[in-house]
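A short worksheet on the structure shown next.
Read-outs: derived from the displayed coordinates by stated rules, not from any lab. Predicted model only: the values in this text are computed from it and were never measured. No Cβ is skipped: glycine too gets one built from the backbone with ideal geometry, and neighbour counts run over all protein chains shown.
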């Protein structure tokens with residue numbers, strides 16, 4: 001597992017969420033396809049991340065990176081702000097927690113797609 005897999009995993013989740021949100025509210029094949037493509041990407045990067053890693057670490061890193069990416073989007077794109085300064089401290093704790101997980105930028109092992117039928 002590495003940031004090279006976790007960051008795209010979180011980004012694919014955001015794409016899937018946006019596509020399915022738009023589909024839920026407006027319908028449309030394009031929105032459904034965007035949501036589905038996002039979650040196909042989630043499956044791919046989750047498999048990559050889990051290869052040779054622990055679920056506990058992968059899930060924690062995924063949640064942390066996803067929270068940071070979505071918070072940045074809400075802050076910079078939507079202009080949202082926290083009503084309590086201590087909430088920014090909470091985001092800082094997420095960043096510090098990711099540091100303590102000691103996730104490498106790039107994975108040590110080369111990814112090989114597992115066989116579907118064994």
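Results, tabulated for the structure shown:
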{"read-out": "Output for region 49-60, where each listed residue is within 13 Å of the chain's Cα centre (by Cα) and within 14 Å of residue 106 (Cβ to Cβ)", "value": "49"}
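Here is a yes/no grid of residues against (1) closer than 25 Å to residue 82 by Cβ; (2) touching a helix residue (DSSP H, G or I) at 6+ places or on another chain (Cβ under 8 Å):
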site: 12; (1), (2): no, yes
site: 23; (1), (2): no, yes
site: 26; (1), (2): no, no
site: 32; (1), (2): no, yes
site: 37; (1), (2): no, yes
site: 49; (1), (2): no, yes
site: 57; (1), (2): no, no
site: 61; (1), (2): yes, yes
site: 68; (1), (2): yes, yes
